[in-house]
1. If packing is taken as the average number of other Cβ atoms within 10 Å across a peptide's residues, how do 150-163, 51-64 rank, most packed first?
2. What is the spin-label model distance, in nm, from Thr8 to Arg72 if the labels are put 7 Å beyond Cα along the C-beta direction?
3. Using alpha-carbon positions, what is the distance between the centroids of region 120-182 and region 50-92, in Å?
4. For Ala157 and Ser85, compute 0.36 nm times the residue count separating them, minus their Cα-Cα distance, and round to one decimal in nm.
5. If you take every residue apart from Arg182 with its C-beta less than 15 Å away from the C-beta of Arg182, what net charge results, scoring Lys and Arg +1 and Asp and Glu -1?
6. Radius of gyration and Dmax for region 24-138's Cα atoms, expressed in Å?
7. Tabulate in residue order the Karplus-calculated ³J(HN,Hα) for region 170-187, using 6.51 cos²θ - 1.76 cosθ + 1.60 with θ = phi - 60°, rounded to whole Hz; enter x for Gly and Pro.
8. Of the listed values [x] 20.1; [y] 22.1; [z] 19.1, grab the one calculated as Kirkwood radius over Cα pairs in Å from the structure here.
Amino acid sequence: MSQGFTLTRWETERGVHEMATRPGRGPAARMVTRYAGYSEHTAPLRRRQVAHVGVGLVLAFGDPLIAEDGQRLGAFAFGNQTAASLSTVLGHQAGVQIDLTPLGARSLLGPEIAEMTDAVVPLDVALGPFGVELLERLALAPSWTARFDMVDAAIGAVPHVRLDPAVEWVVHEITRSKGQARVHAVVGETGWSPRHLGRRFLEQIGLSPKTLARLVRFEHAIDRVRARRALTLAEVAADAGFFDQAHFNRDFRGFAGCTPSEFVAELDPEPQVRFVQDGEDDVAVASSP
């Protein structure tokens, strides 16, 4: 297994894209699920952001995103999202997205993660001078390796805030089952009352156990749709554990803001040219602070 990052470059009719991904390392490994460095040049376009599990940071130093309400989004922290949204992408996007573990989210953002559900928070509000300084340094760094190492050092130095073992175990069981675990039974095995566990869950994860399970199941389903494998939508629904196609369509519309068929029609076009590199090579990247 390579200890470097994976770099993917591709071209579509919409523009030129580059993404470099790597997990956190060292002390940051417990705090960060993944870094995703991105750079793309496209014509302005609208993108659908579907519901998802996870709290993280977008340290952007390209053009801002334009939200549905007209807000211009630069660098920001985001919470779990239980509904879809649309945003407009301008010509040049560049930055690093940091997907945080529950421990990382709690340690960096505190109990405010519950209030961040279905919201984004400007970076300077979420992290103060720590976030602003890190963003400025990232924009000047010469490569993805330098950027990832920089974030490793910064986040790895943040003191860890302990999560309740019962909360961690329930998250693990729901994730392991791809959202198909019987939530009531899993919660019962902790020995805590559903009300007490639910309160601690909101404080430390930002969602209830039931909502987490629904979102994890939806994410599994939509990953299968995005993979473009030879599966019908009915097969995807069955694989994800939905009772029937009607339940799948209902959850999909609630979390994606469209029907499964509409989502498939909106998928980015297949790349015309694709390059994937996996290793330690240091690739210079341009930034526009």
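None of the figures in this text is laboratory data; all of them are computed from the coordinates on show. These numbers were taken from a predicted model, which means no experiment stands behind them. Positions of Cβ are generated from backbone atoms using ideal geometry, with glycine treated the same way; all protein chains shown enter the neighbour counts.
1. Details: 150-163: 15.9, 51-64: 21.9.
Highest to lowest by the protection proxy: 51-64, 150-163.
2. With each label placed 7 Å out from Cα toward Cβ, I get 3.1 nm.
3. Taking the Cα centre of region 50-92 as reference, the centre of region 120-182 is 16 Å away.
4. On the way: separation 72, 0.36 × 72 = 25.92 nm, distance 3.36 nm.
So the chain would gain 22.6 nm between Ala157 and Ser85.
5. On the way: positive: Arg176, Lys178, Lys210, Arg214, Arg217; negative: Glu173, Glu189.
Residues near Arg182 contribute +3 overall.
6. So, for region 24-138, Rg and Dmax equal 13.8, 39 Å respectively.
7. Values, residue by residue: 5, 4, 4, 5, 5, 5, 4, 8, 6, x, 9, 5, 6, 4, 4, 5, 5, 4 Hz.
8. Identified label for the calculated read-out: [x].
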